[in-house]
Amino acid sequence: MQFQQLQYFVAVAETRHFTRAAELVHVAQPSLSQQIKSLERELGADLFLRARGNITLTDAGEALLPLARRILADTETARYEVQELVQLRSGRVRLGATPSLCTGVLPDVLRAFHDRYPGIRLLIEEGGSHDLVRQLARGALDLALVVLPLPTPSPALTTVELLREDLVVVSSPEASKPGEGRRTVRIADLEGERLVMFRHGYDLRELTVAACRAEGFEPDFAVEGGEMDAVLGFVRAGLGVAVVPRMVAARSGRGLRVTPLARPGLHRAIALAHRSDVAPPRAARELQRMLLER
């Protein structure tokens with residue numbers, strides 16, 4: 001099995017078209033088809049069902065695809081690792097983080113990293129912890145900032161807790177204050193309040209909904225499905241209240257009323273994660289050190 005064959009296989013699997021796949025990998029279509037057939041002979045199974053105008057993966061192809069993507073990602077990481085110069089004058093870091101962390105934790109650290117290593121490209125992927133864990137596992141990211149506990153325990157990942165963050169309630173200054181004017185808001189006070197809620201798969205959504213259910217009620221959504229910026233905008237417009245990280249509220253407090261949650265409150269643990277079986281590239285290890293020392 002050759003690296004090139006896996007590259008061609010993934011290109012066909014993603015485009016579902018042999019000609020477009022050949023263009024994508026800059027090879028003649030007959031050569032690509034020949035390499036795919038050679039790979040199928042070696043594996044002893046067809047990888048694609050070929051019908052006129054319709055290319056689909058067989059069961060064997062579906063099984064091979066995530067493994068092939070991971071091999072290609074690991075090869076690409078190895079190439080960048082070898083190409084890095086002694087003084088970290090070139091290279092890249094692929095970092096995943098939830099949108100709230102991109103606005104709260106990362107800007108200052110990334111600026112310090114960029115000032116010290118201007119030749120290192122920073123590739124940032126925003127997403128929920130579920131998505132980031134999957135991308136780490138298949139080698140598409142070097143590091144990720146995720147919310148603990150992980151959505152599904154993964155022995156293939158190493159996590160180091162970075163910080164614990166309080167959650168607060170944000171509302172429009174023009175709207176009535178949650179909690180009947182008290183200085184803090186209890187989770188029980190959110191019963192009957194219209195909530196602006198994040199999309200499914202968002203860690204803050206699951207945490208908030210679970211806290212409301214623990215108090216014996218189902219939250220009432222005014223709007224749902226947004227990312228962080230959209231949620232804050234809807235709250236400013238007076239559509240409802242939201243539970244967000246204190247760090248985000250502090251940075252985005254203009255036009256928002258910020259009210260702490262009464263003890264014991266709600267908190268979330270943020271961890272830095274990477275694959276256990278592959279050491280992060282050198283540049284990623286340096287960013288990891290700076291994040292842990294922040």
Euclidean distance of C-alpha centroids, the range 225-284 and the range 24-48, integer Å: 46 Å
Three-way shape call for the range 1-45 based on the alpha-carbon gyration tensor, with the a/c threshold at 1.5: prolate
All-pairs alpha carbon distance profile, the chain, 10 Å steps from 0, percent: 6, 23, 24, 21, 16, 8, 2, 0
Whole-Å semi-axes of the ellipsoid equivalent to the range 58-139 (Cα gyration tensor, √5λ, descending): 28, 20, 6
Calculated P(r) of the range 109-201 - Cα pairs past 24 Å, %: 49 percent
Radius ratio Rg over Rh of the range 218-291, counting only Cα atoms, Kirkwood formula for Rh: 1.12
Accessible-area order (highest first, 1.4 angstrom probe) of the listed residues 200, 274: 200, 274
For the range 181-294: accessible area per residue (Å², 1.4 Å): 48 Å²
Built amide H within the under 5 Å cut-off of residue 224, gap 5+: 197
Per residue convex hull volume, Cα atoms of the range 143-265, in Å³: 119 Å³
Values of log10 I(q)/I(0), in the order q = 0.12, 0.13 Å⁻¹, for the range 1-151 under a Debye, Cα-only, solvent-free model: -0.67, -0.75
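The values are calculated or read from the model by the stated rules, or taken from the named source; none is laboratory data. Not measured: the values here are computed from a predicted model. Only protein heavy atoms, including side chains, enter the accessible area calculation; ligands, DNA and RNA are left aside. Shrake-Rupley method; radii C 1.70, N 1.55, O 1.52, S 1.80 Å.
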